[in-house]
Amino acid sequence: MTIFITFIHVVTCILIIAAVLLQSGKGAETGVMIGGSSQTLFGARGASSFLAKMTVVLATLFMVTSLTLSLIHQSPVGSSIMLDEPMKALPAAPVTPNATSGTAQAPAKK
């Protein structure tokens, strides 16, 4: 079941990318606007195109498959990867003597 949902998820990702790249932007007509009407520049568009509707459907399918995969691979309540291994102490920064004042000083961070 996981493999099937992952396959659908990957195919949906590829189709969303293709659908978005095939659509023209809302300001695509700005280059040919010289002498033309400005009503279509950033105004209302007509009915949604097939690609716009397909993008909405694919985005919904993408969200559903993402949530399904996350629920399938969810760990039991109360478990954590942080509890698997005890915390290790960090090594101390080396201290170098200061040549001018004779005091110890930590190296400068870059």
Discussion item. Just to be sure before I move on: is ILE3 under 28 Å from LEU71 (Cβ atoms) and modelled with pLDDT under 95 in the structure I sent?
Written reply: yes
Item to complete: Please indicate, with yes or no, whether at least one residue in the stretch 20-42 is at pLDDT below 85, among the small types (Gly, Ala, Ser) and at positive phi.
Response: yes
Practice prompt. With the condition kept exactly as written, say whether any residue in the stretch 66-73 is in contact with a Ser or Thr (Cβ under 7 Å, 6 or more places away or on another chain) and at pLDDT 60 or above.
Written response: yes
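The values are calculated or read from the model by the stated rules, or taken from the named source; none is laboratory data. The structure presented is a predicted model; accordingly, all values stated were derived computationally and were not measured. Ideal geometry is used to build each Cβ from the backbone, glycine not excepted, and the neighbour counts take in all protein chains shown.
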